[in-house]
1. In terms of the Cα gyration tensor, with a ≥ b ≥ c the square roots of its eigenvalues, is the range 129-171 rounded because a/c is under 1.5, prolate because a/b exceeds b/c, or oblate?
2. Report the label-to-label distance for TRP92 and TRP294 in nanometres (one decimal), using points 7 Å from each Cα along the Cα→Cβ vector.
3. What helices does the chain have that are whole DSSP H segments, at least 24 Å long along their own axis by Cα, and with mean Kyte-Doolittle hydropathy of -1.0 or more?
4. Give the shape of the range 351-429 as rounded, prolate or oblate, defined through the alpha-carbon gyration tensor: a ≥ b ≥ c are the square roots of its eigenvalues, a/c under 1.5 means rounded, and otherwise the shape is prolate if a/b is larger than b/c and oblate if not.
5. Which of TRP164, LEU275, LEU339 sits closest to the plus end of the dipole of the chain, meaning its Cα is farthest towards the positive end, when Lys and Arg get +1 and Asp and Glu get -1 on the C-beta?
6. Given the options LEU201, ALA43, TRP92, identify the residue whose Cα lies farthest towards the positive end of the charge dipole of the chain (+1 on Cβ of Lys, Arg; -1 on Cβ of Asp, Glu).
7. Using a 1.4 Å probe and counting only protein heavy atoms, arrange TRP361, TRP174 so the residue with the most accessible area comes first.
8. When only the heavy atoms of the protein chains count and the probe is 1.4 Å, how do ARG53, ARG188 rank by accessible area, highest first?
Amino acid sequence: MPKKPDLLTQATEVLKMNDRGNYTQPAHNLYPHQWLWDSCFIAIGLRHLDVERAKMELLSLLRGQWHNGMVPNIIFRDDPQYHFDRNLWRSWLNPFAPNDISTTGITQPPMFAEAVVQIGKKLEWPERRLWYRMVYPALLSYHQWLYNERDPHKEGLILLVHPWETGLDNTPPWMDEMHEHLMPLWIRLIEKTRLDRVITLFRRDTKSVHADQRFSTIESLVLMDTQRRLRRKRYDINKILDHSLFAIEDLAFNSIFIRANEHLREIAKSLKEELPPELLERMKKTEQAFEDLWDMYSAQYYSRDFVTHKLLKTPSIATLLPLYAGHIDKSRAEKLLRLIENEHSFGPSYPVPSVPLNSFWFQRKLYWQGPTWVNMNWLIIDGLNRYGFKDHAEALRESTLEMVKKSGFYEYFDPLDASPAGVADFSWTAALVIDLLKR
Ligand code: GLC
């Protein structure tokens, strides 16, 4: 019997399979377009194989950048069969959208700066400088857009208007808000009359993935309805904030943003560019305001409602991302570490689950409500290393690789036994495995 190729060869194969020339699709069938943070994670792996191709992955993302600086979470494939997706969003309704390319009208966690820096590490100085020069204006305008549009009261924290912007689509703090306060009446009626069972038959995603592993039909109806409302307002933030279904200062997003700001400052410094003083001020404010997300009683950070400033005290994988942000003090980082060590919380056999095991929400295979995701592990490993928790970081690196070796390059995994869930041959799983192997 021929020997099974090693993990690195298999991962390389997955990326090759999903390569669409200038970008990599997250997976066949279910995810045919280019996604923002997927491409960033993919570039982080690709840089070990072909640094020019990794650069191209990020430059392709910038094709979709809006003239106001927004980087959309999806750039649609230019193919007649995807007319439906493009038409659902109609990005052309907004005057800032690019003319020649269709995108969504929302963003995703700002991993761009991290990917730029990781590629930079593979280049010697003169090339690195050229690379930074090439992307610096776009990166700067993206961060400025986040402040201008998503921190309208200059409080420091970035607000999101759709669960898809978190990248953790059905994460419990957002779903809690939705079920408790935000469900439109017509969807409540569908729920009451159990009509959702019929609608389920027409879902596209559950043709590729078992329905138990995706969000419920009711939840997807709310997501679609929220998207429709944004489109009706032509993605104009002033109109959106007049009456937004969701307006949440998301913990995961702001953690990633703090780190991205740090990268942006370093990139500017190495280019001898001065960042605008107002931007520097706001970056500082973000780090200070972040501490308002800390809850003394449970000794954890949470997302916050933009309007009421109420903390949304439902733990999720975001709970651990302040480790990646890297600016919190060591005693708080240690408190988060204790949660990772606790087998009833974030420490089962194949960590890190997207919801702690002792949460009411936890379900082993349900998307962002329990399973382990490789991109989250990558961020947490990075954070653990930076705080000097080297053994924990190494243990998590090893269990992550073992999980993928055992089950394949799936989208997510059961944290109790590593069994696979979601779609197969998932690009960021492959790319980040390459990165973890190359450390
Ligand atoms: C799902 C994930 C999101 C990802 C996208 C493409 O929607 O929740 O984070 O970017 O798939 O892989």
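1. oblate
2. 5.1 nm
3. Working: long enough: 125-150 (35 Å, -0.92); 251-270 (29 Å, 0.02); 390-407 (26 Å, -1.02).
Those that pass (Cα extent of 24 Å or more, hydropathy at least -1.0) are 125-150, 251-270.
4. Details: a/c = 1.97, a/b = 1.28, b/c = 1.53.
In terms of gyration-tensor shape, oblate.
5. Of the listed residues, the answer is TRP164.
6. The listed residue farthest towards the positive side: TRP92.
7. Most to least solvent-accessible, the answer reads TRP361, TRP174.
8. Heavy-atom accessible area, descending, gives ARG188, ARG53.
The values are calculated or read from the model by the stated rules, or taken from the named source; none is laboratory data. Predicted model only: the values in this text are computed from it and were never measured. With ideal geometry, Cβ positions are generated from the backbone for all residues, glycine too; neighbour counts draw on all protein chains shown. With ligands, DNA and RNA removed, areas are computed over all heavy atoms of the protein, side chains included. Shrake-Rupley method; radii C 1.70, N 1.55, O 1.52, S 1.80 Å.
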